[in-house]
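Just below is one structure, and these are the notes that go with it.
The values are calculated or read from the model by the stated rules, or taken from the named source; none is laboratory data. Everything numeric here is computed off the predicted structure, so don't read it as measured data. For neighbour counting, all protein chains shown are included, and Cβ atoms are generated from backbone atoms with ideal geometry for every residue, glycine included.
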Amino acid sequence: MVRNWDVSGDLPPVDLRPLISADRAELLSFLRSIDESGWAALTANAGWNVHDVALHLLGGDLGRLGASPSEAAREGRLAVDDLAVLIERSNDEWVSAARRIAPNVTVELLAFIGPKVDDALAALDLDAPGTSVAWSGDGPTPYWLDIAREYTERWVHHAQMRLAVGAVPPIERRFLHPVLDTFMRSLPRAYEAVEADIGTRVDVLVEGKAGGRWTLRCEADRWHLVTADERVGAASVRVPQDVAWKLLSRTITVSEAFPEIALEGDERLGRPATQAVAIMTTQA
């Protein structure tokens with residue numbers, strides 16, 4: 001069984017709190033620039049337009065200012081599929097109820113609450129237990145990974161809103177590389193049922209200015225993320241950065257992404273990387 005507290009220790013921790021603030025500033029500038037048709041544009045989130053996704057982010061901010069994670073949330077007691085169903089239901093209920101908030105008011109509420117969220121995050125001990133990041137494993141999660149997950153969700157929804165109106169997502173390396181690096185923490189879970197000799201390595205290479213190389217190594221207890229080097233693994237997976245973030249966030253499906261993915265070496269060992277998912281979703 002993959003434990004997400006252990007997975008969080010495979011690679012050095014990151015502090016993405018400054019990026020949450022920076023991405024918010026970019027998002028608010030974008031939202032203030034679009035017209036009524038832009039707010040109504042449908043996004044990759046089924047049934048949600050740009051306004052709905054903005055309301056979802058507003059709900060997330062309000063949640064961050066609410067009570068601290070429950071013991072069950074910290075410990076990740078629910079099965080991943082059950083938790084995904086509950087999260088999606090809660091999200092839909094909030095967005096449905098909040099649609100009466102006008103787009104211009106939504107923007108101003110995001111701008112007002114955002115700095116308060118930043119203050120709340122700044123007060124956290126990054127090494128203390130936060131909300132369980134269930135897609136990385138079972139059990140408690142340190143706050144730094146919880147916050148990193150929070151950043152990835154915000155960035156993905158920001159990108160989806162821009163794509164909905166034909167705008168370019170914020171793919172500069174400073175914004176996108178941390179998303180990819182956080183998403184790669186989902187790989188050990190994707191490999192938990194994959195058998196291989198101890199020491200077997202699999203490389204995942206994301207191609208593009210914001211990309212990088214991540215390596216999995218099979219050990220006696222589980223597959224570990226390890227520092228990448230020049231050694232050739234038993235399998236490698238090459239994927240363009242624009243496909244990588246969409247696949248790991250299920251903005252596109254595995255079947256839609258697969259033609260853009262190159263598997264080299266042992267296909268049996270490479271294919272599980274294409275099944276990894278780094279959000280809570282019921283979508284396959």
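Quick notes
- Positions within the range 117-138 being of a type outside the set (Gly, Ala, Ser) and free of Cβ contacts under 8 Å to residues at least 12 places away in the same chain, in sequence order: ASP119
- Criterion (of a type in the set (Asp, Glu), in contact with a strand residue (DSSP E or B) (Cβ under 7 Å, 6 or more places away or on another chain) and not assigned by TED's automatic domain parsing to the domain that holds LEU11) met by exactly one of GLU264, GLU230: GLU264
- Qualifying residue in the range 148-157 (condition: over 25 Å from ALA46 (Cβ atoms) and either buried (at least 24 other Cβ atoms within 10 Å of the Cβ) or modelled with pLDDT under 95 (or both)): yes
- Segments classed as helices (runs of 4 or more DSSP H), wholly inside the range 1-66, with at least 1 members that are farther than 27 Å from ILE252 by Cα: 4-8, 17-31, 50-64
- Candidate set from the range 77-120 (those that are over 26 Å from ASP23 (Cβ atoms) and not in a helix (DSSP H, G or I)); member that is modelled with the highest pLDDT: ARG100
- Residue in the range 130-147 that is farthest from ASN4 (Cα to Cα), counting only those that are touching an Asp or Glu at 6+ places or on another chain (Cβ under 9 Å) and modelled with pLDDT of 95 or more: ILE147
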